[in-house]
Amino acid sequence: MARKFHRKDRLSALTEINVTPLIDLAFALLIIFMITTPLLEQTVELNLPVEAAKTQAEDREDFQSISIDRAGAYYWGDGPVSEQQLADLLDTMAMDPDPPVLSIRADAQLDYQNVITVVDMIKQRNLSKISLDTKVE
């Protein structure tokens, strides 16, 4: 029996939707988001020190990042700040009844004293939630 490729009623509307282009679009968007999401995580390029032992990552809901690059420049989030501006931002944060976790990210080649200076600034304001970020291998 031969197949017939013509419809009996040519003037009736098609009742089915072709979803193939929609699926192609969904996969293209998925690939784009998979590529761009890891790039959004770290904004300041640093060579972090290597962690000696792997520990369980704590679930942090709210955190603020303080970064120190190789030259000793300070960054609040992804914006550069001076030492005085950093102190002012920490003072503002100390007034908050539930301050976020402060994540300190420092370059591996940086003098240890620069990190201790930031930790001392944080301790002087009685902020106790501190995290030192390292590179996990």
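The values are calculated or read from the model by the stated rules, or taken from the named source; none is laboratory data. Quick caveat: nothing in here was measured; it's all calculated off a predicted structure. Every residue, glycine as well, gets a Cβ built from its backbone with ideal geometry; the counts of neighbours run over all protein chains shown.
Annotations
- Some residue of region 121-136 being closer than 21 Å to Asn47 by Cβ and part of a helix (DSSP H, G or I): no
- Flag for Ala28 being under 25 Å from Thr134 (Cα atoms), at pLDDT 85 or above and of a type outside the set (Ser, Thr, Tyr): no
- Selection count where residues are aliphatic (A, V, I, L, M), without any contact (Cβ under 8 Å) to a residue 24 or more places away in the chain and surrounded by fewer than 16 Cβ atoms within 10 Å (Cβ to Cβ), scope region 83-118: 2
- Note on region 33-49: among residues that are modelled with pLDDT under 70 and exposed (fewer than 10 other Cβ atoms within 10 Å of the Cβ), the one that is nearest to Ala108 (Cα to Cα) is Glu41.
- Among residues of region 91-115 being within 20 Å of Val44 (Cα to Cα) and part of a helix (DSSP H, G or I), the one that is modelled with the lowest pLDDT is Tyr112.
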